Amino acid sequence: TQLLEQSPQFLSIQEGENLTVYCNSSSVFSSLQWYRQEPGEGPVLLVTVVTGGEVKKLKRLTFQFGDARKDSSLHITAAQPGDTGLYLCAGTGLSGNTPLVFGKGTRLSVIA
Amino acid sequence: GAGVSQSPRYKVAKRGQDVALRCDPISGHVSLFWYQQALGQGPEFLTYFQNEAQLDKSGLPSDRFFAERPEGSVSTLKIQRTQQEDSAVYLCASSQQTSASTDTQYFGPGTRLTVL
């Protein structure tokens, strides 16, 4: 069974601070996705990383896929209250048509 | 355009009751997924349809859970004889293509089921 561990589980920071959240596994994934979920809503896809070492930027968010494709990180620069939410990583396995495996998420709270 | 919709948004059931949760995917999307998200957890895969065919039901926790998509569009997740451990948010997602994992999945808002 492929597992994704996310850390930290909870994070509360002041507006303007930088932060990094992590998604780690002992398994290799063909790709990793990051989602953001707000209360009462379903997850919304932010980015998909496919190549080991890949870095993608989405405004103030920077996503990185580890060289060995076992881990990923999400860095937010100058966090804003609108960034508050649950950040989930999800992996796709190497073996064909397997379903997405989600981590438990990092719950981020940005205080104005 | 319309996204994935789910109904009801909230459902309270007494233990032992049967419930039916509905998912309306994005029109034309081939694949449809059901997930269960317990409080404080990430979504966990339940089952996957490609059109009307249920290709993977490995995540269904027991034989009390049953899903169907008879015409390849709307799907219903049925839970028989609900138990307290069934309390969770049930998420539906659809994707345009046929891959179980690599295509972008669009999620509905979920149905929050509370079993008393």
Q | Longest exposed-site-free window of chain A, the sites being trypsin sites (Lys or Arg not before Pro) in a DSSP loop that have at most 16 other C-beta atoms within 10 Å | A | A:1-58
Q) Among residues other than residue B:42 whose Cβ falls under 15 Å from its Cβ, what is the net charge (Lys/Arg +1, Asp/Glu -1)? A) -1
Q | Summed side-chain charge close to residue B:4 - residues other than residue B:4 whose Cβ falls under 15 Å, Lys, Arg +1, Asp, Glu -1 | A | 0
Q.
Taking the Cα centroid of the range B:47-116 and of the range A:49-112, what is the distance between the two, rounded to the nearest whole Å?
A. 24 Å
Q: Could you give the size of the charge dipole of the range B:1-109 about its Cα centre, using +1 on the Cβ of each K and R and -1 on the Cβ of each D and E, expressed in debye and rounded to the nearest 20?
A: 420 debye
Q. Are there trypsin sites (Lys or Arg not before Pro) in the range B:60-89 that DSSP puts in a loop and that have at most 15 other Cβ atoms within 10 Å, and which ones?
A. B:64, B:81
Q: Find which of B:97, B:83, A:48 sits farthest along the positive direction of the dipole of the protein assembly as shown, computed with +1 on the beta-carbon of Lys and Arg, -1 on that of Asp and Glu, about the Cα centre.
A: B:83
Q | Gained length - residue B:55 relative to residue B:5, 0.36 nm times residue gap less alpha-carbon distance | A | 15.8 nm
Q) Excluding same-chain residues fewer than 8 positions from residue A:56, which aspartates and glutamates have a Cα within less than 19 Å of its Cα? A) A:67, A:71, A:83, B:103
Q: Take the Cα of residue A:77, step 7 Å along the line toward its Cβ, and report every residue of the range A:1-37 whose backbone nitrogen sits under 16 Å from that point.
A: A:16-21
Q. Dipole size in debye (nearest 20) for chain A around its Cα centre, Lys and Arg Cβ +1, Asp and Glu Cβ -1?
A. 160 debye
Q) Modelled label-to-label distance, residue B:116 and residue B:84, 7 Å Cα→beta-carbon offset: nm? A) 1.4 nm
Q: Would you mind checking B:11/B:78; A:70/B:57; A:104/B:14; B:14/B:78 for any pair whose Cα atoms are more than 22 angstrom apart?
A: A:70/B:57; A:104/B:14
Q | Residues with amide H under 5 Å from that of residue A:105, placed H, sequence gap 5 or more | A | A:6, A:89
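Bear in mind that the values in this text are calculations on the coordinates, not laboratory data. None of these values were measured; they are calculated from a predicted model. Virtual Cβ from ideal backbone geometry, glycine too; neighbours counted across all protein chains shown.
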